[in-house]
Amino acid sequence: MLSRLLIVFLLILKPAIIEEVTISWSDSKKLTWSDFKGQVEQNTDAVAVTASGIAFSFSVSQSNDKYIDFNAISEAYFYPEKSWYLKNKGDDYILAHEQLHFDITELHVRQLRFNISRVNVSQNIKQELRDLHEQANKNLAIMQNDYDTQTDNSINKTEQAIWSQFVKIELYKYKDFRSK
């Protein structure tokens with residue numbers, strides 16, 4: 001019952017069309033096995049792989065060569081074409097484990113939005129925003145790894161339950177910054 005996570009990080013500094021199919025995180029839409037459309041990897045013990053990541057972009061406004069305002073957008077995305085599962089081993093329990101990976105991505109998007117809300121416009125705003133995004137990605141990678149390590153890729157049901165409750169509480173703490 002091993003599960004593995006692939007984290008996809010995106011930094012979009014200019015408006016761009018993302019041609020890849022994505023699913024935005026939503027409270028009302030949970031992942032289903034039909035969302036996992038990627039090619040199954042060979043030579044792995046994994047039962048499923050969830051590819052999710054943080055998409056981030058920002059723009060700044062200038063007046064007389066000084067930054068006066070900024071706008072930042074951050075979203076949690078799931079990548080169906082990079083996510084896969086073994087049809088003969090994927091069950092509701094494994095799917096819940098994979099959903100929690102996506103929920104952890106949303107948690108880090110919320111934390112990034114919170115941190116951005118505390119930023120004041122300065123002449124270093126571009127670097128500050130890039131640094132916040134980079135830190136969010138680092139924190140996300142660490143938490144995703146800790147989650148799989150501590151749950152033994154979903155095998156440890158006690159740890160799985162602890163993580164599920166922990167993420168639920170953390171998402172609630174940052175509810176004002178949730179994805180719409």
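The values are calculated or read from the model by the stated rules, or taken from the named source; none is laboratory data. Every value quoted in this text rests on a predicted model; they were computed, and no experiment measured them. Glycine also receives a Cβ, built like all others from the backbone with ideal geometry; neighbour counts cover every protein chain displayed. Heads up: the accessible areas ignore ligands, DNA and RNA and are worked out on the full protein's heavy atoms, side chains in. Shrake-Rupley method; radii C 1.70, N 1.55, O 1.52, S 1.80 Å.
Observations, loosely collected:
- For region 134-153, residues that are of a type in the set (Ser, Thr, Tyr) and either surrounded by 14 or more Cβ atoms within 10 Å (Cβ to Cβ) or under 11 Å from the mean Cα position of the chain (by Cα) (or both) total 2.
- Scanning region 119-133 for residues that are out of contact with any strand residue (DSSP E or B) (no Cβ under 8 Å at 6 or more places or on another chain), touching a residue at least 12 places away in the same chain (Cβ under 8 Å) and either basic (Lys, Arg) or open to solvent by 90 Å² or more (accessible area, probe 1.4 Å) (or both) turns up just one, ARG130.
- Residues of region 161-171 classified as open to solvent by 60 Å² or more (accessible area, probe 1.4 Å), farther than 16 Å from ALA76 by Cβ and within 17 Å of the chain's Cα centre (by Cα), total: 2
- Whenever a residue of region 44-66 is assigned to a loop (DSSP other than H, G, I, E, B), its partners that are surrounded by fewer than 18 Cβ atoms within 10 Å (Cβ to Cβ), lying with C-beta atoms within less than 6 angstrom and at least six residues away or across chains, give the pairs ASP45/LEU2.
- Pairing each residue of region 87-115 that is more than 30 Å from ALA72 (Cα to Cα) with any residue that is among the β-branched types (Val, Ile, Thr) and open to solvent by less than 10 Å² (accessible area, probe 1.4 Å), provided the two are 6+ apart or on different chains, yields C-beta distances under 6 Å for LYS89/VAL47; ILE94/VAL47.
- When every residue of region 138-151 is checked against the conditions, none turns out to be more than 21 Å from GLU41 (Cβ to Cβ), in a loop (DSSP other than H, G, I, E, B) and aliphatic (A, V, I, L, M).
- THR158 vs. criteria farther than 22 Å from SER26 by Cβ, open to solvent by less than 20 Å² (accessible area, probe 1.4 Å) and free of Cβ contacts under 8 Å to residues at least 60 places away in the same chain: no
- Selected residue (only one of ILE73, ILE94, ILE104, ILE116 is modelled with pLDDT of 95 or more, of a type in the set (Val, Ile, Thr) and surrounded by fewer than 18 Cβ atoms within 10 Å (Cβ to Cβ)): ILE73
- Cβ-Cβ under 6 Å pairs, at least 6 apart or on other chains, region 11-34 side closer than 20 Å to ILE94 by Cα and assigned to a loop (DSSP other than H, G, I, E, B), far side at pLDDT 95 or above and not hydrophobic (A, V, I, L, M, F, W, C): TRP25/GLU106; LYS30/GLN99; LEU31/GLN99
- Residue among THR22, THR50 that alone is buried (at least 17 other Cβ atoms within 10 Å of the Cβ), under 20 Å from LYS180 (Cβ atoms) and modelled with pLDDT of 95 or more: THR22
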